[in-house]
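Report on one structure; see the data block that follows.
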Amino acid sequence: MNENLKIGVFLCKCGGALAKRIDFQKLLTQVNTFPGVSYSQVDSALCLAEGRVSIGRAIKEQGLNRVVIAGCSPSFHEETFMEALRDFGFDPQLMAMAALRERCFGEEATQRAAREVLAAVRKAALLVPLPEKAVSVEPAVAIIGGGLTGIEAALTAAQLGLRVTLIEKEKELGRRGSELYPEVLTKKLQELVQQPRITVSTGTELLAIKGQAGHFAISVKKGGQTSIVNAGAIIIASGVEPQTPPYFSPPQVIGLWQLPRILATSSEKFRRVGFLVDLAQESRLASHMAVEGALACKKNWASEAYILCRNVKVDGREWEGLYRQARDQGVIFFKFRDNPSVKLCGVQVEIVVNDIYLGGQPVSLACDLLVVEQELAVGPSIREIAREAGLTISPEGWLQDANVHLYPVLSNRPGIFYAGLCRWEQELEESLADARQAAESAASLLSGGKTWVLSGKVAIEAEKCALCLTCIRSCPHRAISIDPIRRAPYVDDLSCQGCGICAAECPGKALQLNGFTDAQMAVQLQLGEGWK
Amino acid sequence: MITAFACFRSAYLATDQAVITGLLDPSEVNIVRVPCSGRVEVRDLLRAFRDGADGVLVLACPEGSCQDLTGNVRARQRVEYAQRLLEEIGIEKERLEMAALASMMVPQAADVIKEMLDTVRALGPCRGRVSQAEGVAK
C-alpha cells in the first residue's frame, strides 16, 4: 500500500436523518483505526454548501490525497461531490463513496456502516489519479444525407461555428422534400447558400467511416474519384427508402409516399380514394400521412375518402386536431383486425373490410385509387457502412439510437449522431428537431477545437498483452486499436465509455478498468468481519 | 448474506430506491456497484462466494437495452459458465442467478433480491467453499 496515503473520511448525517439509526461517535472511533485514514469528521449535511466547503478545507489543511464520503448512495449525490472536488482542484477520481443511507438499518446499523466505510476506504486506497486532459478535435462535422433533416442539421451546425460538409448521393438536395414539403425546402435551400461554412457535395457516395470521435476520416466517391472528408463528428441523416407497397399496381394502387406527387401532377380526379395502412404493424407515421392525404384528396379532387387501419395514431403535435378535421370533413374510418381483401376490377379497386364495430358484417368498397402503406427501410448501403463502422442496427433494421427517451440522437459510438427517419419513423417537425439536437450535440463535443476527457480510464500492461485482439472485438464503442510501437492495445479516451467489458474479457488481464480494477472490486466483496 | 453486482445505470438505482421506499431490507445484501454488468467476470462471481456470500446475484439491464450493447449478454454467458463450475465443486447452482432490471423497476428489484434470500435460506449457508478462485481465469 502507498505509504504516503492520507485518506480523509467524511461522515454525513444526511440532515440528521442518519443520526437516529447510526451511532456516529462510535463509528468515528472505528473509522480512525482503518488503514490509511489520517483524518475524519462528521457533518450534518455534506451536500450543502457549508459541508462541501468543509471538505475542501480539510483536504487543504490536512493534505489529504484520498477522500471517502459516507452518507447517501453514489446514485444520489456522486456528481455533486465530484463537482465540488473538481472546484477545490482535487482529482474527483480519488473519491470513494459509502452508501450509509441506503444500507444501514436496525440494530446493526452502526456495524454495517463501519463495514461500508471500510470497503470504501480500502477502495480509496487503491484509486489512482486520472487527469482530465484536453484532446484536440476537428471542429468540423460531416452530414450524411442531404434531405431536409440533413440540411437543417447543416444549418444548425454552421450557426454554431462548425465547418460542415453535406454529403448527398443524388444530384440534387432534398429530392423527397421537394415532393412532400416544397415550400420548406425552398426556404432551407436559400438559407443554405448564404452559409459560407457549409460545403455541399452532391452526387457523392459514402464508402466508409474510419477513425474516432474528434478525428473521423470519411471516404467518399464523387464522379469516379475517391477522397477523404475529415470531420470531428458525423451526423447520419440518411433517411429511409419506402419499399414497394403491397398490391402495388399503378395507377389504381399506389404507395403512401407517392401520393403527394400524384396530387400535384395528376390531371385525373379520383372520386373515391381509399387508404390502407397498418397491414404489417401499426404505424404512427402512416396514420398521420393517411389522414393528411385524405384531407388533401378532399381539397384537390373533392374525393370521398376512406381510411382503413387498425388504429388511428395521433401521438404528435396537432395530430389530434387533424384527425378531428378529417372526421368533420367526412373522411370515413374503418378499423379492422384482419387485413382487408383487395381486388383489382378493371379501373376500380374493390376492398372488402371487416370493421370491428360493425358486428362482423363485411363492407365492400369500390375505389378509383387505393393508397397503400409502404414499409420503411434504411438503405442497404448505409446499413452496411454503419455495420462496418461498428454501429448497431435495430432488429427492425433502423440505426439504433442509444436511448429512445434520453439520448435519441446518440449512437453507440461517441461522435456519431443520428437524425430523422434513419433512426425511427417520424414526421418532418420531429426530424428537424432531431437534426438540431444532433448538431448541438456535435457542437458541444467539438466547439473550440478541443474537448476535455478523462485520460487512462483503462490501464494497460503491455507486457501481459498477447495481441489476441479480444479487446478490440469485444469493445462495443470501437474505442480500442493496436498501438504498433508498444505492441499493446490503445484505448481512445474520447470513445471509451468505461464499461469494463474489455477488462473482463481480456484473457491475459492486460487491461484493467480504473475505479473497477480486480483489486478494487475484490475489496467490495469481503463479507467476513464486520457483517454478523 | 448475498452479494449483488448491480449495474450503475439500472439495477443499482432500482435497489437504492427499493431500500428508500421500504420495499427492501438491505441488511443481508452486499450491493456492489459495477459500471456495466459486462464488467463482472467469472472470477468476481467465484470470489464473492469465496469471500462469504451464500448467494450471488448479477443485476443487469434487460436484454437489448444495454448501453454497452453486449454487456448483459456477456454477463449472462459468464453466469451460466460459473453455475456449471459451482456445480462441479458441489455448490448448488441456484445460489447464482442473474436478473434484468431497469432503473425504474423498483418493486421488481426488491422481489429479485428477496427471492434470492429465500433461496439461500432454504438451502442454508453455503457449505462448499471456493478457495482456489484465484487460479480461475488467470
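Taking region A:492-509, which residues are under 22 Å from the mean Cα position of the chain (by Cα) and within 14 Å of chain B (Cβ to nearest Cβ)? Break it down stepwise before answering.
At the first step, the residues of region A:492-509 found to be under 22 Å from the mean Cα position of the chain (by Cα) are A:492-502.
Those that are under 22 Å from the mean Cα position of the chain (by Cα) and within 14 Å of chain B (Cβ to nearest Cβ): A:S495, A:C496, A:Q497, A:G498, A:C499, A:G500, A:I501, A:C502.
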In region A:211-232, anything in a strand (DSSP E or B) and touching a residue at least 40 places away in the same chain (Cβ under 8 Å) is listed as A:Q212, A:H215, A:F216, A:I218, A:V220, A:V229, A:N230, A:A231
Within the group B:L13, B:L23, B:L45, which residue is open to solvent by 10 Å² or more (accessible area, probe 1.4 Å), more than 9 Å from chain A (Cβ to nearest Cβ) and either within 21 Å of A:G498 (Cβ to Cβ) or not acidic (D, E) (or both)? B:L23
Filtering region A:80-114 down to residues that are within 12 Å of another protein chain (Cβ to nearest Cβ), more than 22 Å from B:A110 (Cα to Cα) and part of a helix (DSSP H, G or I) yields A:Q111
Subset tally (residues that are in a helix (DSSP H, G or I) and not hydrophobic (A, V, I, L, M, F, W, C)) for region A:289-332: 12
Would you confirm whether or not region A:431-451 contains a residue that is within 14 Å of another protein chain (Cβ to nearest Cβ) and in contact (Cβ under 8 Å) with a residue 24 or more places away in the chain? no
Of the residues A:K169, A:K187, only one is basic (K, R), more than 27 Å from the chain's Cα centre (by Cα) and open to solvent by 40 Å² or more (accessible area, probe 1.4 Å); which? A:K187
Residues of region A:90-107 being open to solvent by 10 Å² or more (accessible area, probe 1.4 Å) and farther than 20 Å from A:G515 by Cβ, which ones? A:R101, A:F105, A:G106, A:E107
Filtering region A:369-414 down to residues that are open to solvent by 20 Å² or more (accessible area, probe 1.4 Å) and of a type in the set (S, T, Y), which residue is nearest to the chain's Cα centre (by Cα)? A:Y407
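Could you check, for region A:246-254, whether at least one of its residues is under 34 Å from the mean Cα position of the chain (by Cα), crowded, with 18+ Cβ neighbours inside 10 Å and part of a strand (DSSP E or B)? Outline the logic, then answer.
So in region A:246-254, the residues under 34 Å from the mean Cα position of the chain (by Cα) come out as A:246.
If we keep only those that are crowded, with 18+ Cβ neighbours inside 10 Å as well, we get none.
Scanning region A:246-254 turns up no residue that is under 34 Å from the mean Cα position of the chain (by Cα), crowded, with 18+ Cβ neighbours inside 10 Å and part of a strand (DSSP E or B).
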Determine, yes or no, whether A:L295 is within 19 Å of A:R176 (Cβ to Cβ) and either touching a Lys or Arg at 6+ places or on another chain (Cβ under 7 Å) or surrounded by fewer than 20 Cβ atoms within 10 Å (Cβ to Cβ) (or both). no
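Kindly check whether there is at least one residue in region A:69-89 that is open to solvent by 50 Å² or more (accessible area, probe 1.4 Å), β-branched (V, I, T) and under 40 Å from the mean Cα position of the chain (by Cα). Give the derivation first.
Step one: list which residues in region A:69-89 are open to solvent by 50 Å² or more (accessible area, probe 1.4 Å), which gives A:76, A:79, A:83, A:86-89.
Subset that is β-branched (V, I, T): none.
No, that holds for no residue.
Out of A:L285, A:L276, report the one residue that is in contact (Cβ under 8 Å) with a residue 60 or more places away in the chain, under 15 Å from A:V331 (Cβ atoms) and under 34 Å from the mean Cα position of the chain (by Cα).
Result of the check over A:L285, A:L276: A:L276.
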Residue that is surrounded by 23 or more Cβ atoms within 10 Å (Cβ to Cβ) and within 12 Å of chain A (Cβ to nearest Cβ), where the choices are B:A82, B:A102, B:A18: B:A18
Could you check, for region A:70-80, whether at least one of its residues is in contact (Cβ under 8 Å) with a residue 12 or more places away in the chain, out of contact with any Lys or Arg (no Cβ under 9 Å at 6 or more places or on another chain) and either of a type in the set (G, A, S) or over 17 Å from B:V19 (Cα atoms) (or both)? yes
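With region A:459-524 as the region, which strands (runs of 3 or more DSSP E) entirely inside it contain at least 3 residues that are open to solvent by 20 Å² or more (accessible area, probe 1.4 Å)?
A:480-483
Among the residues of region A:57-68, how many are out of contact with any Lys or Arg (no Cβ under 9 Å at 6 or more places or on another chain) and either of a type in the set (A, V, I, L, M) or surrounded by 20 or more Cβ atoms within 10 Å (Cβ to Cβ) (or both)? Spell out how you get there, then give the answer.
Quick first cut of region A:57-68, residues out of contact with any Lys or Arg (no Cβ under 9 Å at 6 or more places or on another chain) only: A:57-61, A:67.
Now narrow it down to the ones that are either of a type in the set (A, V, I, L, M) or surrounded by 20 or more Cβ atoms within 10 Å (Cβ to Cβ) (or both): A:58-59, A:67.
So the answer is 3.
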Among the residues of region A:156-179, is there at least one that is without any contact (Cβ under 8 Å) to a residue 40 or more places away in the chain and of a type in the set (S, T, Y)? yes
Scan of region B:26-42 for residues that are over 25 Å from A:P476 (Cβ atoms), more than 7 Å from every other protein chain (Cβ to nearest Cβ) and not in a helix (DSSP H, G or I), ordered by number: B:V29
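The values are calculated or read from the model by the stated rules, or taken from the named source; none is laboratory data. Please read all numbers here as calculations on a predicted model, not as lab measurements. All Cβ positions, glycine included, derive from the backbone under ideal geometry; neighbour counts span all protein chains shown. What goes into the accessible areas is simple: the full protein's heavy atoms, side chains included, and nothing from ligands, DNA or RNA. Shrake-Rupley method; radii C 1.70, N 1.55, O 1.52, S 1.80 Å.
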